[in-house]
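Below is one structure, written out as structure tokens; comments come after it.
No value in this document is a laboratory result; all are computed from the given coordinates. If you're wondering where the values come from, they're calculated on a predicted model, not measured in any experiment. Please note: Cβ atoms are built from the backbone with ideal geometry, for glycine as well, and neighbour counts cover all protein chains shown.
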Amino acid sequence: MPAQLTNREIADIFRAITETMEILGEDRFRIQAYRRASEALADLPQPLAVYRERGELAAIPGVGKAIAEKIGELLDTGRLQFYEKLRERIPAGVLEMLRVPNLGPRTVARLYEELGITDLNALELAASTGKLNTVKGLGAKTITQILEGIPVARQAGSIRRMLLSEAIKTAEALILSLREAYPNIQQILPAGSTRRGKQTIGDLDILAAGADPAAIIAAFTKLPMVAKIESAGTEKASVLLHNGLQADLIAIVPESWGSALQHFSGSQAHNIRMRELALARGLSFSEHGFRHADGRVVPCADEAEVYAQIGLPWIAPELRENQGEFEAAFAGTLPHLIELADMRSDLHMHSTWSDGRGSIAEMAAAARARGYSHIAMTDHSDYLGLVNGLDGARLREQAREIAALNEQFAAAGDPFRILRGIEVDITPDGSLALPDDVLAELDIVVASPHVQLQQPPEQATERMLRAIRNPHVDILGHPTGRLIDRRPGAPIDIDIIARAAAEYGVLLEVNSGPDRLDLESSAARRVLELGATITINSDSHHPDNLPWIRLGIATARRGWASADKVANTWELERLLEWIKEH
């Protein structure tokens, strides 16, 4: 009998079914059903076999009876006849072409049907030899983008990296499960790139401390989330999870917690510098602590002790990249980084008025539950017939609903307030998708790029500058428009944008969407250095999306952002005064 497939492997099969059906132009409702199933299965905390044993497969959101039967077939045989018949209709390499950024199913289908292109190698040859010039709708810029995206597609096929959001979610689920399985754990945290808040993560690293490290390891390898044990010893285990991710657990005794946490949090460059500073004091450093010349090892129970041993204050994990943090620590100029508790508002979110899945009242309730004092409701503008965007008439209609809700808050003695806003599209020439007289009616305007992002750098920069100079624009939303590992952002000159934003008082957004994190951390650091102010927003489309803000905060912390440089930490009166003045 074949080894039972993991949840991730089954989810990947349903994703491949979705992509194959899209290329074949099949019914969109069936396609959507398989897509929902794929998304639901990948993140389940238990193996699918457990759900089947309980008779709960069909009850999983997005599954249903027909797909549950297919899951059962995969669990029993490792194969799915429906999928195999579907695969016979197009070569496997055609699906790989979907990994090329901005290359959608319809275009891939045309390339296959009209030109017989069946894989990335053939696509690269066709693009570089002019063969794609004959395909209607593929201009020179698009063909250049395809050539640039092929290496991205190849890398995506060879390396399984997870978004920060997925890493945090999986790490927290593992930690909760391990605490339940072995209550004697004294301390446990994610380490590595996850703790430093990097935008994508390779493998999960988790550090745990307790009196019996071997028992912690044994409990970890038996967790339901574990699909396969790659290796296991008395202090470390490496496993493959059912969601397809690799996770490493390091277990240590409590007295070495600080030493090990610093060591396994990284980065490599930061730790090399740490060891150099220790050697200058006649010490060597490892996860066990500091070793003196006489062989005596001094473990550190917390990280502050580690840094104190080399004459430094504690350095936040997000700064540990050897990019100036040591110099700032020695000089006493490390920033007091923004924290989640500093946030008073979320200034970019969507409701059912455009493409959101929560009403304004529901979004406001979720924000109030987080302790916010105000939000901005910024549904999409009407542009190119996309996402049910709002024009002036619908904005005025929405205004009545917002006013009624604000009146209810006031009557109840609740100071919470909803600001009237819009996320207005920045068109390719830099003009805005709504007229100035409509924008002038609003409390706050977020201007964002969504289309034609791969303009030449000078044109892309001028496009953003024109939006910044518009007197009604308050926030430049996700300034590059990138999607991590899927779509490169606009090649804007961040220095020019930052200086203009500082001059015109336009806030630059760190968008917390899990696949955006735009501005990314190094750009956020640069704009702050040049005097601009940022805003961190969730870009929520559902009440459950508001916690995404922690991703934006991690990104801003990596950009050395302190609370006073983030407009979301301001009281409402200060925000409104800023908007009025600028």
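With Cβ to Cβ distances under 10 Å as the rule, what net charge do the other residues near Phe290 carry (K, R +1; D, E -1)?
Neighbour charge sum, excluding Phe290 itself: +2.
With contacts defined as alpha carbon pairs under 8 Å and 6 or more residues apart, what's the relative contact order of the chain in percent?
It rounds to 10 percent for the chain.
Considering amide H positions built from the backbone, and no H for Pro or chain starts, which residues 5 or more places from His478, or on another chain, come under 5 Å of its amide H?
When sequence neighbours closer than 5 places are left aside, the close amide H contacts are Glu509, Asn511.
Would you give the gap between the C-alpha center of the range 2-80 and the C-alpha center of the range 398-475, rounded to a whole Å?
Spelled out, the Cα-based centre of one part sits 40 Å from the other.
Tell me, how many Å apart are the Cα centres for the range 255-332 and for the range 380-396?
With the range 255-332 and the range 380-396 each reduced to a Cα centre, they are spaced 53 Å.
Gap in Å between the Cα centre of the range 207-252 and the Cα centre of the range 537-563?
Cα centres, the range 537-563 to the range 207-252: 30 Å.
Below 11 angstrom from the Cβ of Val445, what's the summed charge of the other residues (Lys, Arg +1; Asp, Glu -1)?
Residues near Val445 contribute -4 overall.
Quick one: which residues, 5 or more positions from Arg516 or on another chain, have an amide H under 5 Å from its amide H? H modelled 1.01 Å from N in the peptide plane, none for Pro or chain starts.
For Arg516, the qualifying residues are Ile484.
With n ≥ 4 as the cut-off for DSSP H runs, can you work out [θ] at 222 nm for the chain, using -39500 (n - 2.57) per run divided by the number of residues, rounded to the nearest 500?
Mean residue ellipticity at 222 nm (helix-derived): -13500 deg cm²/dmol.
Please enumerate, by chain and number, the lysines with C-alpha under 16 Å from the C-alpha of Lys85, excluding those fewer than 8 residues away in the same chain.
Lys70
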